Amino acid sequence: MLNLIIFGPPGAGKGTQSEKIIAQYQLEHISTGDLLRAERNAGTELGNKANEYISRGELVPDEVVIGMVRNFMLSKTSAKGFIFDGFPRTIPQAEALDIMLLEFNTSIAIVLGLEVEEDELVKRLMLRGQTSGRVDDQDESTVRNRFREYQNKTLPLQDFYAKQGKYNSVKGIGKVDEIFSNLCSLINTIKQ
Ligand code: AMP
């Protein structure tokens, strides 16, 4: 299995690059943001609870997200690999992921971190909010809150994966295809 994490702040281009990586390497996409929005749109109890956090720009509690990822992985037993997009976002999530992957007899091969400055990210998110219909992209204070959550809870994962020798950063500004090609070069260094 080839398991990758696409890492970076909100608006860095994780979703866009994930789609291209999936097409190239035939991986299963796990976007916890997409899964949570699907739960919310279906009006499930989990979705309604999660929406309270999402609309404030806060992270959804770890146990909710971890359970959702576990169920998704269990439903894809014949996957060639997974690309984790927007997960893990906290150290406990990363620890839980390591354990879940061990149950599948596999592990994370590489973490690809997209680096983009905050001013550019705010611009991108506000622009995306005009077309995506995502309420958490439309309000500047919610967007700023998402960055705070990222700084406080998610950024420590860089160190977590750097210590495992898995963290790689890629400039996330420029042409989508150039960024994709830089990501592929990194993936190809670890792909057997
Ligand atoms: P995203 O689509 O990845 O930007 O996620 C949108 C929102 O969903 C985030 O701002 C969080 O409120 C929530 N969310 C998504 N993934 C996670 C996660 N791994 N842990 C906690 N909350 C998450």
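The values are calculated or read from the model by the stated rules, or taken from the named source; none is laboratory data. Please read these numbers as outputs of a predicted model, since none were measured by experiment. Cβ atoms come from the backbone with ideal geometry, glycine included; neighbour counts cover every protein chain shown. Calculation scope for accessible area: heavy atoms of the full protein, side chains included, ligands and nucleic acids excluded. Shrake-Rupley method; radii C 1.70, N 1.55, O 1.52, S 1.80 Å.
Mind checking whether some residue in region 98-107 is surrounded by fewer than 20 Cβ atoms within 10 Å (Cβ to Cβ), within 14 Å of the ligand (Cβ to nearest atom) and more than 15 Å from the chain's Cα centre (by Cα)? Yes, because at least one residue in region 98-107 is surrounded by fewer than 20 Cβ atoms within 10 Å (Cβ to Cβ), within 14 Å of the ligand (Cβ to nearest atom) and more than 15 Å from the chain's Cα centre (by Cα).
One residue stands out in region 125-149 among those that are modelled with pLDDT of 90 or more and surrounded by 13 or more Cβ atoms within 10 Å (Cβ to Cβ): the one that is farthest from the chain's Cα centre (by Cα), namely Asn145. Applying the selection to region 51-78, what residues are part of a loop (DSSP other than H, G, I, E, B), open to solvent by 50 Å² or more (accessible area, probe 1.4 Å), in contact (Cβ under 8 Å) with a residue 24 or more places away in the chain and under 20 Å from Ile5 (Cβ atoms)? Within region 51-78, just Lys76 meets the criteria. Only one entry of Leu2, Leu35, Leu46 meets the criterion of being among the aliphatic types (A, V, I, L, M) and not in a helix (DSSP H, G or I), and that entry is Leu2.
Looking across region 163-188, the residues that are more than 14 Å from Leu4 (Cα to Cα), open to solvent by 50 Å² or more (accessible area, probe 1.4 Å) and part of a helix (DSSP H, G or I) come down to Lys163, Val176, Asp177, Glu178, Ser181, Asn182.
Restricting region 50-79 to residues that are among the small types (Gly, Ala, Ser) and within 12 Å of the ligand (Cβ to nearest atom) leaves a set whose member that is nearest to Glu149 (Cα to Cα) is Gly57.
Considering the conditions (1) in contact (Cβ under 8 Å) with a residue 12 or more places away in the chain; (2) within 26 Å of Val116 (Cα to Cα); (3) surrounded by fewer than 22 Cβ atoms within 10 Å (Cβ to Cβ), Gly86 is excluded by exactly one of them, (3). Candidates are the residues of region 18-31 that are in contact with a helix residue (DSSP H, G or I) (Cβ under 6 Å, 6 or more places away or on another chain) and under 15 Å from Gly86 (Cα atoms); the one that is least open to solvent (accessible area, probe 1.4 Å) is Ile30.
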